[in-house]
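The values are calculated or read from the model by the stated rules, or taken from the named source; none is laboratory data. Source: prediction; values computed, not measured. Glycine gets a Cβ as well: all are built from the backbone with ideal geometry, and neighbour counts include every protein chain shown.
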Amino acid sequence: MRDPLAVHLGAGADPNLAARGIVIDRTTGTIVELVPAGGEPSSAGVDGTSGGSGDALEIVDASAHVITPGLINTHHHFYQTLTRAWAPVADLPLFGWLQNLYPVWARLTPRALELATTVAMAELLESGCTTAADHHYLFPTGMDEAIDIQVDVVRKLGMRAMLTRGSMSLGEEDGGLPPQQTVQDSQVILDDSRRLVETYHQRGPGAQIQIGFAPCSPFSVTTELMRDSAALAAELDVRLHTHL
């Protein structure tokens, strides 16, 4: 990427270190060289040849662009794009907002979740966000494979994602806010959490898909499930995420 207007290298870094541009290895997607002002690429190994020859380099004119690291969204609810700006709940306080929306969300379908995830991720990518953590805690009856659906969308769009397997175990019958058809048994939640880590979680630098655990909140799961989720996250060495 040649001759950008500016390159953000982080606080305290000398921007002149990459004033001429950056070299990215297309096979790995990693930056292999910073090219200073007045310089030319000298990297070896880009597309298997010497970068200095320029034979295998694709030159991207960045003269009208600023190069920054990809932005990171650390908390999202992709499925809620379906009810964004819904007039009946505009300006309601949190609990009233939730009580009015839960019956709507309880009708979530696999296709609706696929579309919502696609829209949410596309909007993030368009705004320069390349990594997002989605807190998905809604598993209505028939939606046991919600995270699997999201994994497919992540792979199609090429974004990096921390998909947190959320949970709700306290329904209206137990004093919680969610309708009963949106809550799950604690053991079902824990078993599926383990399955998702074993099936999809990638470790190490450059991982595209990672799985975390995310009990929805202290008032929508039992204390036991919160503790068991934390213990399972520690056992499997994955992240724990929640609302407080």
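A few remarks follow.
- Residues in the range 210-225 that are surrounded by fewer than 19 Cβ atoms within 10 Å (Cβ to Cβ) and not hydroxyl-bearing (Ser, Thr, Tyr): Pro218, Phe219, Glu224.
- Verdict on Gln184 being modelled with pLDDT of 95 or more, surrounded by 15 or more Cβ atoms within 10 Å (Cβ to Cβ) and either within 19 Å of the chain's Cα centre (by Cα) or among the β-branched types (Val, Ile, Thr) (or both): no
This table checks each residue for (1) free of Cβ contacts under 8 Å to residues at least 60 places away in the same chain; (2) assigned by TED's automatic domain parsing to the domain that holds Ser193; (3) closer than 20 Å to Leu170 by Cβ.
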| site | (1), (2), (3) |
| --- | --- |
| Gly128 | no, yes, no |
| Ala133 | no, yes, no |
| Leu138 | yes, yes, yes |
| Val153 | yes, yes, no |
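- Hey, Asp148 at pLDDT 95 or above and in contact with a Leu (Cβ under 6 Å, 6 or more places away or on another chain) or not: no
- In the range 89-105, the residues that are surrounded by fewer than 10 Cβ atoms within 10 Å (Cβ to Cβ) and not in a loop (DSSP other than H, G, I, E, B): Leu94
- Neighbours by Cβ (under 8 Å, 6+ apart or cross-chain): first from the range 25-36, outside any strand (DSSP E or B); second charged (D, E, K, R): Arg26/Asp47; Arg26/Glu58; Thr27/Asp47; Pro36/Arg20
- Members of the range 158-179 found to be surrounded by 14 or more Cβ atoms within 10 Å (Cβ to Cβ) and out of contact with any strand residue (DSSP E or B) (no Cβ under 7 Å at 6 or more places or on another chain), listed by number: Met168, Ser169, Leu170, Gly171, Glu172, Gly176, Leu177, Pro178, Pro179
- From the options Ile31, Ile72, residue that is surrounded by 13 or more Cβ atoms within 10 Å (Cβ to Cβ), modelled with pLDDT under 95 and under 30 Å from Asp3 (Cα atoms): Ile31
- All of Asp192, Asp185, Asp228 fail the test of being assigned by TED's automatic domain parsing to the domain that holds Gly96, among the acidic types (Asp, Glu) and under 28 Å from Met121 (Cβ atoms), apart from Asp192.
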